[in-house]
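Inspection log for the structure reproduced underneath, given as structure tokens.
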Amino acid sequence: MSYKIIGKPTPKLDAGDRVSGKSVYGHDIELPGMLHGAILRAKYPSAIIKSIDVSKAIKLIGVHCIITANDVDTENLSYRKDHPVLKKGEVNCIRDEIAAVAADTKKIAENALNLIEVDYEEKAGIFNPEEALKENAPRINQFSKGDNGNKNISESFHYEHGDLEVEKKKSAVTVTRRYTLPKVTHACMAPSNITADYSPINDVLTLYSSTQVPFLYQREISQVLKIDPSKIRVIQPIIGGGFGSKLDLHPFEPICALLSMKTGKPVQILFSREEEFHHSAIRQSMVIDLTTGADEQGNFTFRKATIIKDNGAYTSWGARTSFVMMQTFSSLYKVPACVYDAHAVYTNNVFAGSFRGFGNPQATFSLERNIDLMADELGMDKGEIRLINSNFPGEITGQGLEYKSCGLKPALEAVIKNSGYEAAKNGHGKSDRFKQGIGFASMLHVGGGAKIYPSDGCGTTLKMDPYGFLTILTGSSEIGQGSETVLAMMASEELGIPLDKIKVINSDTTIKPWDVGVHASRTSFVAGNSLLGALNKLKQKLGKRATQLFNTTEEDLLFQNGEIQSEKSGDSLKIDKVVRALHFKPPHELCEVSYFYEPSSKFQDKEFKGNVSGCYAFAAQAVEVEVDTLTGKVDVLNVHVGQDVGKVLNPMGIEGQIDGGVVMGMGYALSEEMIYEDGYLMNPTFHDYKLPTARDIPEIHFYPIETNEESGPFGAKGMAEAPLVPTPVAIANAVSNILGVEINSLPMTPEKVMRAIHDKKNGGEA
Amino acid sequence: MMDFNTITPLTTDALLKAMKETEGNNVRFGAGYTDLILELEMKKEPDLTVINLSQLVDDDFKSITKRESGITIGSLATMTDVLADTNLQQFPVLIEAVESVASVQIRSVATVGGNICTASPAGDVSCALVALDAACEILDTGGKIRTVPIAEFFTGVKTSVLKKNEILRSVLVPHRKTTDRIVSGFIKIGNRNSMEIALVSFAYYILADSNGDVTSSGAAIGSVAETIKSTESACEFLMGKNIEHLTKTDKGKFADLVLEYACPISDIRASAWYRRQVLWNISRSIF
Amino acid sequence: MLLIDLIRDELKLKGTKPGCLEGECGACTVLIDGTAVNSCLYLAINIHDKSITTVEGLTDGRTSLDEVQESMVNHGAVQCGFCTSGMVMAIKSFKDRCDSVNHVPDRDEIKKNLEGNICRCTGYVKIIDSAEALF
């Protein structure tokens, strides 16, 4: 099938604005009379608040309002409702919001914070989930309902399929290892921001928020503030990076709204980079104990995973990473039996949120390390063991995931072949000092949304004006991933109109139709299908009118070159003429339609079984790495990415996601780590939190696998999270192979690698 | 804490006058500001005056000049100025050290004097200048110049011999006799390839004659002690030896001698153990 | 006052972005006499007698993008865009410098010039491609 624009590299629609400084981000918003907000955070990670005295602060000139928990009536945040907006009585982590100030300038607001006197009684904190699980540990969060019989568990998940004992007996090799994954942060280039504008006269609250989930956000904030959701309008400015960080509603947002409601003026809160490090959600850190088995031929037999996740002081969406990890353990590669237990444990550490991959990078890390170790024990080729266990089209996994299309095997074949693996199989050192080698990993992720909310759908409204200009009002959000460009491309393809006659509007809850939000790599798939449904309706409307205007039947119509044409007769009319005929003559209808698409995915049952997504994305990576044995430094030379994307819609967009995901994965693998001591972050700056720079990146080679997923728009699947998932473990596998050591925790800093080399040389435990 | 007074002298006389007037007060020099602004944002400095050197016009302070005894680098010369100077290309240790500093944006404004006077044990440019046996030319408010070998300039973490009435005016890198072989470079160890504060650094400048016999040797280590250290006995060890025919034992001995000057700490960036291991490895690897 | 505050708060030019305010990310890069500098680490008073160019300056009074901007758009080098104006100014300064001495840089030199500009979205690849295409 050849398309006019689908599959062709297309620059981002609004790139011109972004590149010339015209785009308005949250930081750039200035409203008349706007005040600046600042938040007083807890001095200790665990304490009792005995008193708060704002009397000195409120007298400071330029201060308009100060609020503490006593001044507001709010419901707790979080789906576990364990997260108070402003803290009263107890302090559970260093993020805790004690008071907030609105003042004429940011400086005055910060000076006011210094004048607020808080009397704390410091308590011993618990910073290790294992400590928190002990019988005699105190309850960490007073709102915790506990789970699985433990007061400090926020949520436990248990899953199983197949017969573990039977499969254990079949296993010729069994590998058990413990894996430790660290805390890392999104480090979006734009720090957190919000502007709240409450209008007292008509009782409407407008929030300029960089949220990824505007409708869920609207609903949750209305519950938290106890106001009618229809009184809330969410407008998204241009968003400077999301990666999942903006899935949760964080206290600073309702706090900003409250300051605006109390002062009757717009209030803006901007995080500094340091605040961003301290106070924005992070990736779940966890300890994974994994046992896996395989038979003599290398067929996987069983997996048993036990995971302790550091939930932190409050529960955010990050606790639900267990759903995604479950899928990896149960359904990545064929595996007859799987038992899985995951516990999100409260501690006095900062809480984790959602971060690209959502637990999958961690799960895949443990799984793919075990696979390499099993291959070692079996004396089996590391590419071969993955190929023989590969998932296949038509497979229904033990968890009930239905792989209508599955490109894992071709993805593996592509990267094994292109990475020069065969040639390098026996390992070669460039020299005694620099050693090179290759590591593999695959991944599975939802590619068509995920039904975790009552609806996983997206609405689209289309309107074409009398000049043939199309406006797409889509519920989906643009967070930099180029979703609006892909939608415009689809409309251009279907209607035969050029891109410059299409506009996408997606940033105002009062205007755009409902969508559950940007997560689970769902936007291309769900918003795309929603758009196609709407385009169908629009074409029908236009087509019907066209048949009245010239010699044609509805089945006969082609939409191309800005015209509606009869295939048989060759007669045609410009599309805008048909629109005008629709509007200004009978039937006097506007050329507007709307359509809501709910993907066919089902809710999982109580045992977590069921086809949770419309389709699934697969990928494999082969990473070529060089280790400097004198310093322990790991350089990633080449990353080969075979990715089942269903269909490449916009190569420019997909490549951008692949590059960004791989480099982000590399950072997680090699250099990024949030270093906490007793609940305090020791490296809250770009100085000491090491993101990859332009001089650290590998050559990235992308081999798109087009499996033409039937249910996807033009055959496409979602893929934005996928590139991040296999990279860290592929690098760990490469380094482990090259040096004959075991890298079972991240990040593998030069020091960690040196220690591994040293321990091996001295005959110690790897 | 960005509330401070500034005095912006345009001439050296005005500078010395400003120094005299503020002597005894809370006063700092600001040149490139890439360290100072970060420092001031972190802590409260009440009644601070910053003598703003950014607009000073004075060749001694700003230019890089070839003289009889060597090349003087004005303390207000930027990193970029150093990279652009043809006379300094003969010192790979210095060029590599300067190139390793942060980013082009920082190198365009950061000054050589700023790097030296911050007196960080991780200072890249300082480390290279110690290996080059440079001399600090210090100007006082009376208009007098005193010279201090740069290896003696640093007295501790972020402290130097500079008195309250003094300012570093320039640095003199001594000429060497023309030579056939130069083994010189700057090795900076970090967790990534750019934007790093060195975990360990090693600067070396070794000259040999046409036979390969070492005629001059300078080396310095950074981030592994309270101050940058010149590894004198290691350099002594090399003198007269043939650089092409050093044995494995020789190289090991050289590294052992270098290591004797290190007493690294463990911090969030790296452990003392790692710093020692890597320093030994990289000092051995230069041959 | 810092130069970035002068630019954003006094002159209301919002294209220059406050990514970190510690000189690490380059999102605040502007040109001072054609040289790329972090405006978050520059005192406003020191612009005395100097010419300052922000990203808006490249399209000021024009109806088309500067070649650096055009190249970034056409190479897909813009995703969220928050790092973009810093990237543009760093590349612009580099291009002008190379042109003035007729130098064609290799990919490593381009990367070296961008080492102080952090991007979290693109993995840098297309940004480097877009700069390479200018020569």
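The values are calculated or read from the model by the stated rules, or taken from the named source; none is laboratory data. Keep in mind that what you see is a predicted model, and the values were worked out from it rather than measured. Every residue, glycine among them, receives a Cβ derived from its backbone with ideal geometry; neighbour counts consider all protein chains shown. Heavy atoms of the whole protein, side chains included, go into the accessibility calculation; ligands, DNA and RNA do not. Shrake-Rupley method; radii C 1.70, N 1.55, O 1.52, S 1.80 Å.
Odds and ends about this structure:
- The peptide list A:500-508, A:555-563, put in order of mean Cβ contacts within 10 Å with the highest first, becomes A:500-508, A:555-563.
- The overall shape of chain A is oblate: from the C-alpha gyration tensor, with semi-axes ordered a ≥ b ≥ c, the ratio a/c is 1.5 or greater and a/b is no larger than b/c.
- Relative contact order (%) - the range A:611-656, alpha-carbon pairs under 8 angstrom, separation at least six: 36
- The GluC sites (Glu not before Pro) found in the range A:220-329 that occupy coil by DSSP, while having at most 15 further C-beta atoms within 10 Å, are A:E296.
- Entry note, chain B: the mean residue ellipticity at 222 nm calculated from DSSP H runs of n ≥ 4, each adding -39500 (n - 2.57), is -8500 deg cm²/dmol after division by the residues and rounding to the nearest 500.
- Whole-number percent relative contact order across chain A, with pairs defined as alpha carbons under 8 Å at least 6 apart: 15
- Percent of beta bridges antiparallel (DSSP, the protein assembly as shown, rounded to nearest 5): 80
- Solvent-accessible surface ranking, highest first, for A:K606, A:K304 at 1.4 angstrom: A:K606, A:K304
- Rounded to the nearest 10 Å², the accessible area of A:R139 at probe 1.4 Å: 110
- Global geometry of chain B, whether rounded, prolate or oblate, following the gyration tensor of its Cα atoms and the 1.5 cut on a/c: prolate
- Taken along the Cα-to-beta-carbon direction at a fixed 7 Å, the label points for B:T247 and B:N5 span 6.8 nm.
- For the range B:127-242, the Kirkwood estimate of the hydrodynamic radius, built from every pair of different alpha carbons, is 15.6 Å.
- Accessible area per residue in Å² at 1.4 Å probe, computed on the protein assembly as shown: 36
- Cα-based radius of gyration of the range B:195-265 once divided by 2.2 N^0.38 Å, which approximates compact folds: 1.18
- The peptide list A:401-413, C:2-14, B:151-163, put in order of mean Cβ contacts within 10 Å with the highest first, becomes A:401-413, C:2-14, B:151-163.
- Sequence-separation-based contact order of the range C:3-132, relative, with Cα cut under 8 Å and 6+ spacing, percent: 28
- Zone of A:R580's modelled label, taken as backbone nitrogen in the range A:485-503 under 15 Å from a point 7 Å along Cα→Cβ: none
- Each stretch of four or more DSSP H residues adds -39500 (n - 2.57); spread over every residue of chain C, this sum gives -9500 deg cm²/dmol at 222 nm.
- Accessible area buried between chains A and C, both sides summed, probe 1.4 Å, in Å² to nearest 100: 3700
- Loop sites in the range B:31-107: trypsin sites (Lys or Arg not before Pro), DSSP, at most 16 other Cβ within 10 Å: B:K43, B:K44, B:R67
- Cut-off 20 Å, label 7 Å out along Cα→Cβ of A:W514, residues of the range A:463-505 by amide N: A:473-478
- Overall form of the range A:54-116 per C-alpha gyration tensor (a/c, 1.5; a/b vs b/c): prolate
- Surface composition of the range B:82-193: carbon and sulfur atoms hold 49% of the protein heavy-atom accessible area at a 1.4 Å probe.
- For the range A:322-353, backbone nitrogen atoms closer than 14 Å to the point 7 Å from A:N148 Cα along Cα-to-C-beta are found at A:322-323, A:325-326, A:339-347.
- Expressed as a whole percent, the accessible surface of the range C:3-132 that belongs to carbon and sulfur atoms is 48, based on a 1.4 Å probe.
- Under 5 Å from the amide H of A:Y703 lie the amide H atoms of A:V641, A:G642, A:Q643, each residue being 5 or more positions distant or on a separate chain, with H modelled from the backbone and absent for Pro and chain starts.
- Other protein chain Cβ atoms within 10 Å, averaged over every residue that makes up B:104-116: 5
- Semi-axis lengths, Å, the range A:440-495, gyration tensor of Cα atoms, sqrt of 5 times eigenvalues: 29, 16, 10
- Taken over the range A:445-557, the ratio of Cα radius of gyration to 2.2 N^0.38 Å equals 1.14.
- Chain A - mean residue ellipticity at 222 nm from DSSP helices (-39,500 (n - 2.57) per run, n ≥ 4, rounded to 500): -8000 deg cm²/dmol
- For the range A:351-397, trypsin sites (Lys or Arg not before Pro) are listed when DSSP marks them as loop and at most 16 other Cβ atoms sit within 10 Å of their Cβ; the list is empty.
- Mean per-residue shielding of peptide A:745-756 is 3, counting Cβ atoms of other chains within 10 Å of each Cβ.
- Per the Cα gyration tensor, the range C:3-132 maps to an equivalent ellipsoid with semi-axes of 22, 16, 15 Å, ordered largest to smallest.
- Distance between the modelled labels on B:A84 and A:K417, one decimal in nanometres: 5.2 nm (7 Å Cα→Cβ projection).
- Approximate spin-label separation A:K22-C:D33, in nm, with each point projected 7 Å along Cα-to-Cβ: 3.3
- Contour minus Cα-Cα distance for A:S230 and A:D759 (0.36 nm per residue): 184.2 nm
- Top of B:V214, B:V125, B:V171 by mean-square fluctuation, Gaussian network on chain B, Cα under 10 Å: B:V214
- Cβ-Cβ distance of A:A124 and A:T306, R₀ of 25 Å, FRET efficiency by 1/(1 + (r/R0)^6): the value works out to about 0.40.
- Heavy-atom accessible surface of A:F584, to the nearest 10 Å², is about 120 Å², with a 1.4 Å probe and all protein chains retained.
- For the range A:669-766, the Rg and Dmax computed from alpha carbons only, in angstrom: 18.5, 57
- For C:T35, the solvent-accessible surface with a 1.4 Å probe is about 50 Å², rounded to the nearest 10.
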